[in-house]
Amino acid sequence: MLGATGCVGRCVSAALAREGHEVLAVARRGGPAVADYLFAGLDVAAVPPAELARLLTGHRVRAVVNVTGGWGTTEEEMRYAHITLVDRLLRALTLMDDRPRLVHVGSIHEYGPVPEPLSIGEDLPPRPATMYARTKLAGSELVLDAASTGRVDALVLRAVNVCGPRTTRASFLGAVAGMLRAADAANPVTLRVADARRDFVDVRDP
């Protein structure tokens with residue numbers, strides 16, 4: 001599980017463990033969230049691909065779930081989290097003799113704004129409209145290209161907006177939760193809500 005200490009990674013790791021899978025939790029920092037699993041502390045975007053390949057091989061990893069990434073404040077941060085990391089991960093997988101399957105979690109934002117009441121499928125051409133969406137799409141396309149050419153066994157899941165415990169403060173709901181915690185009678189919460197509508201999925205939803 002890459003990104004095991006994040007909002008999504010914690011819940012997916014727990015779900016896998018409940019199903020009887022052994023979880024190797026990978027994140028830059030450890031802590032209580034990964035105390036029940038095997039843990040490897042590393043930055044996947046910075047580690048040499050050969051080192052990551054040795055780690056995965058040593059633990060006989062059969063599947064890699066990538067839920068890393070997040071909202072940065074600069075394009076450099078976004079590219080590092082969503083493109084550089086994915087590129088290094090793919091390079092590591094291609095170095096392995098017994099390659100695990102990769103499940104890469106992308107974002108619904110890769111498709112860009114969708115007019116209501118349109119339902120969309122995977123055949124909708126992506127039209128990302130933000131820096132976050134563009135870099136997430138670039139990472140997903142790296143995975144899809146590697147899969148189509150046979151270099152890796154992989155798939156991309158584009159998740160809708162996630163809510164639940166420890167949602168990042170960079171997201172709308174995470175920011176609102178933070179403001180509510182800090183609010184008092186002298187500092188009420190004022191929200192400016194856009195006309196856009198969003199689908200949300202609870203990160204704990206099985």
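The values are calculated or read from the model by the stated rules, or taken from the named source; none is laboratory data. The structure presented is a predicted model; accordingly, all values stated were derived computationally and were not measured. Glycine also receives a Cβ, built like all others from the backbone with ideal geometry; neighbour counts cover every protein chain displayed. To get the accessible areas, we keep the full protein, side chains included, count just its heavy atoms, and leave off ligands, DNA and RNA. Shrake-Rupley method; radii C 1.70, N 1.55, O 1.52, S 1.80 Å.
Solvent exposure of the stretch 43-159 amounts to 55 Å² per residue of accessible area, where only protein heavy atoms count and the probe is 1.4 Å. Across the chain, the relative contact order, built from alpha-carbon pairs under 8 Å that are at least six residues apart, equals 19 percent. Working from Cα pairs under 8 Å separated by at least six residues, relative contact order for the stretch 43-159 is 31 percent.
For the pair Glu51 and Glu75, the difference between a 0.36 nm per residue extended length and the Cα-Cα distance amounts to 6.0 nm. Each label was represented as a point 7 Å from its Cα along the Cα-to-Cβ direction; for Arg28 and Val103 these points are 2.5 nm apart. Using a probe radius of 1.4 angstrom, the carbon and sulfur fraction of the accessible surface of the chain is 51%. If you take the Cα atoms of the chain, find Rg, then find the Kirkwood Rh from the mean of 1/r over all pairs, what is Rg/Rh? Expressed as Rg/Rh, it is 0.98. About the centre of its Cα atoms, the chain shows a dipole size close to 360 debye [charges on the beta carbon of Lys, Arg (+1) and Asp, Glu (-1) only; nearest 20 debye]. Label zone (Ser171, point 7 Å along Cα-to-C-beta; backbone nitrogen cut-off 15 Å) within the stretch 122-158: 133, 158. Compactness of the stretch 163-205 was expressed as the Cα radius of gyration divided by 2.2 N^0.38 Å, which yields 1.31. A cut-off of 5 Å between modelled amide H atoms, ignoring neighbours fewer than 5 places along the same chain, links Arg101 with Ala63, Val64.
In sequence order, the stretch 104-111 has phi-based couplings of 9, 9, x, 9, 4, 5, 4, 7 Hz under the Karplus curve 6.51 cos²θ - 1.76 cosθ + 1.60, θ = phi - 60°, and Gly or Pro positions carry x. The long axis of helix 131-148 is offset from the longest Cα principal axis of the chain by roughly 30 degrees. Averaging the sequence gap over all C-alpha pairs within less than 8 Å and six or more residues apart, then dividing by the number of residues, gives the stretch 96-187 a relative contact order of 33 percent. Restricting attention to the chain, close to 5% of DSSP beta bridges with both partner residues there are antiparallel. Protein-only accessible surface at a 1.4 angstrom probe places the residues Asp205, Asp87, Asp123 in the order Asp123, Asp205, Asp87, largest first. Working note: Karplus 6.51/-1.76/1.60 with θ = phi - 60° gives the stretch 22-29 the couplings 7, 9, 9, 8, 10, 7, 5, 10 Hz, where Gly and Pro are set to x. Each of the peptides 44-52, 139-147 was scored by the mean count of other Cβ atoms within 10 Å over its residues; in descending order, highest first, they stand as 139-147, 44-52. The simple Förster model, with R0 at 35 Å and r as the Cβ-Cβ distance, assigns Ala182 and Ser119 a FRET efficiency of 0.40. Backbone amide hydrogens, once placed in the peptide plane, bring Arg158 within less than 5 Å of Gly106, excluding anything fewer than 5 places away on its chain. The residues of the stretch 163-205 expose, per residue, 83 Å² of accessible area to a 1.4 Å probe.
Quick check on the stretch 43-159: what does the Kirkwood estimate of hydrodynamic radius come out to from the alpha carbon pairs, in Å? The Cα-based Kirkwood calculation yields 14.8 Å.
The sum of -39500 (n - 2.57) across all DSSP H runs of n ≥ 4, divided by the residue count of the chain, sets its helix-only mean residue ellipticity at 222 nm to -9500 deg cm²/dmol.
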